[in-house]
Amino acid sequence: MDWDSKTELVKLGNKNYTPEGKKEFQDYVLENVSKFDGQAWDMFSNLTEIIVEDMKKDIDYWKQIYQHLKEIDCNDEKFGFRSGMRIAMIQTVCEEKLKFE
């Protein structure tokens, strides 16, 4: 994923707290998730609120994201401690609370 796309990801992620901003962010993520590299996953994990009830409301979105997210090794050295933990938390919520396989 190129730098301009990552910049747009962050820009939209910073508007992720309004209904319109959230939809715009999610649409952008879905369009680009197949191109995410480690840095993009790091950014995504830090822009995403990990609130189970909110994630349940967006179950269709999370089903699509999880198909890519489940392949991420959060222990990989390219992730810092906090990002690795956030990715692991998102994976765990998807598996245990949203019941994805």
Query raised in the report: Among the lysines in the stretch 3-97, how many pairs, 8 or more places apart or on different chains, have alpha carbons under 19 Å apart?
Result: 25
Query raised in the report: Which whole-number percentage describes the relative contact order of the chain, with Cα contacts under 8 Å and a sequence gap of 6 or more?
Result: 27 percent
Query raised in the report: What is the dipole size for the chain, taken about its Cα centre, with +1 at each Lys and Arg Cβ and -1 at each Asp and Glu Cβ, in debye to the nearest 20?
Result: 260 debye
Query raised in the report: So what's the projected area for the stretch 3-97, the Cα convex hull averaged over all directions, in nm²?
Result: 5.6 nm²
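Computed from the coordinates by the stated procedures, all read-outs in this text should not be read as laboratory data. Computed from a predicted model, the values in this text were never measured in an experiment. Reconstructed Cβ throughout: ideal geometry from the backbone, glycine too, with neighbour counts over all protein chains shown.
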